[in-house]
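The values are calculated or read from the model by the stated rules, or taken from the named source; none is laboratory data. Everything numeric here is computed off the predicted structure, so don't read it as measured data. Glycine gets a Cβ as well: all are built from the backbone with ideal geometry, and neighbour counts include every protein chain shown. Each accessible area value is taken on the protein alone, full model and side chains, heavy atoms only, with ligands, DNA and RNA left out. Shrake-Rupley method; radii C 1.70, N 1.55, O 1.52, S 1.80 Å.
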Amino acid sequence: MWVILALISAVLLGLYDVFKKLSLNYNAVLPVLFLSTVTAAVAVSPIVIGSVYFPEAFQKVHLYVPPITAHEHLLIFIKSVIVVSSWIFAFHAMKHLPITLISPIRATGPIWTLIGAILIFQERLNLVQWFGVLVTLCFFYLLSTAGKLEGISFRKNVWIFCIIAATLLGAASGLFDKYIMRQIDRIAVQAWFSYYQVVVMLPAIALFRWKRPKAERPPFEWRWSIPLIAIFLLFADYAYFYALSIPDSMISIISALRRGGVLVAFATGALLFHERNIRRKGIYLLGILLGILIISFGTH
């Protein structure tokens, strides 16, 4: 069951990346991110309010948000800080880099999650899994050569460092999710996270957007793809949190399957945005995903 949920989450995440790219092309980053977080908060409000006044009805449809302690609120807030930090890096990179280059880099996320799982949750790698790690890293290196063909150096380009930072923070978030899902109801996590992400975004947009002179602000244009970023992420996270809440689920496998959503983003980037070197980058992406699959199927 948790494998199917992880795959559903993967497809929705791929579409989420597509709407990000549509929203960010030639647009200001922070307003797009802020408005998408506000959309998520508005979307979950009926569930939060309904759980207070009609708890039995929401329990029947598995959308009940139970009361949580102050400590649990703190844990969700910490998760929000990690995720929003990852998003700020990722959104800036998405604006400036081809989605067909970002997708393979993001696909390496399970490697870093796996390393964290080894250190924190005592998950162990066998010989097959180590081979998968080697395959993934080899194709990641080859991907850097494809970037050079487009004038993008993995060693010097600041946006490459941004997407790598976003990937590492995303891996940290995945590990933290596994920790908090053991003690907090998954619906409560998703609902309150949707509120706290707005709280975390407010200082960022106030400092780097609102306090800057109007002439120095990057131009912002409203697009209907902006709220769709939040909607698709909400559904993707619902499936993801559900998978994590299942007792025998493994964060390393869920993270690997979920990253398959980059195929959707990559294919759409190739079709919609007419990006370059599609065949070469596609081969390297498949190589990265092959390494992830080897790691997944090598799990006992």
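Odds and ends about this structure:
- Matching entry among SER249, SER194 (being within 21 Å of ILE292 (Cβ to Cβ), of a type in the set (S, T, N, Q) and surrounded by 18 or more Cβ atoms within 10 Å (Cβ to Cβ)): SER249
- Residue within segment 90-107 that is more than 13 Å from the chain's Cα centre (by Cα), crowded, with 18+ Cβ neighbours inside 10 Å and over 18 Å from PHE19 (Cα atoms) present: no
- From the list SER86, SER103, the lone residue that is touching an Asp or Glu at 6+ places or on another chain (Cβ under 8 Å) and in a helix (DSSP H, G or I) is SER103.
- Residue count for segment 1-60, restricted to those that are under 19 Å from ALA90 (Cα atoms) and of a type in the set (Asp, Glu): 1
- Selection within segment 268-282 - in contact (Cβ under 8 Å) with a residue 40 or more places away in the chain and either surrounded by 19 or more Cβ atoms within 10 Å (Cβ to Cβ) or on the phi < 0 side of the Ramachandran plot (or both): THR268, GLY269, ALA270, LEU272, PHE273, GLU275, ARG276, ILE278, ARG280, LYS281, GLY282
Table: residues versus (1) at pLDDT 85 or above; (2) among the small types (Gly, Ala, Ser); (3) closer than 30 Å to ARG182 by Cβ; (4) not in a loop (DSSP other than H, G, I, E, B).
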| position | (1), (2), (3), (4) |
| --- | --- |
| MET201 | yes, no, yes, yes |
| ALA239 | yes, yes, yes, yes |
| LEU244 | no, no, yes, yes |
| SER255 | no, yes, yes, yes |
| LEU263 | no, no, no, yes |
| LEU271 | no, no, no, yes |
| LEU289 | no, no, yes, yes |
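- Within segment 125-166, the set of residues being in contact with a Ser or Thr (Cβ under 6 Å, 6 or more places away or on another chain) and more than 21 Å from ILE115 (Cα to Cα) comprises just one member, PHE154.
- Among the residues making up segment 203-232, those that are in a helix (DSSP H, G or I), in contact (Cβ under 8 Å) with a residue 24 or more places away in the chain and not aliphatic (A, V, I, L, M) are PHE208, ARG209, SER225, PRO227, PHE232.
- Members of segment 30-42 that are open to solvent by less than 40 Å² (accessible area, probe 1.4 Å) and in contact with a Pro (Cβ under 8 Å, 6 or more places away or on another chain): SER36, THR39
- Given (1) in a loop (DSSP other than H, G, I, E, B); (2) out of contact with any Gly (no Cβ under 9 Å at 6 or more places or on another chain), index of the condition GLU275 fails: (2)
For (1) assigned to a helix (DSSP H, G or I); (2) modelled with pLDDT under 90; (3) out of contact with any Gly (no Cβ under 7 Å at 6 or more places or on another chain); (4) open to solvent by 20 Å² or more (accessible area, probe 1.4 Å), each residue gets a yes or a no:
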| site | (1), (2), (3), (4) |
| --- | --- |
| THR136 | yes, yes, no, no |
| PHE140 | yes, yes, yes, yes |
| LYS148 | yes, yes, yes, yes |
| GLY151 | no, yes, yes, yes |
| ARG155 | no, yes, yes, yes |
| ALA166 | yes, no, yes, no |
| ALA171 | yes, yes, no, no |
| TYR179 | yes, yes, yes, yes |
| ARG182 | no, yes, yes, yes |
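- For segment 49-84, a tally of residues being open to solvent by less than 20 Å² (accessible area, probe 1.4 Å) and within 24 Å of the chain's Cα centre (by Cα) returns 7.
- Looking at SER45, SER23, just one residue is open to solvent by less than 10 Å² (accessible area, probe 1.4 Å) and among the polar types (S, T, N, Q), and that residue is SER23.
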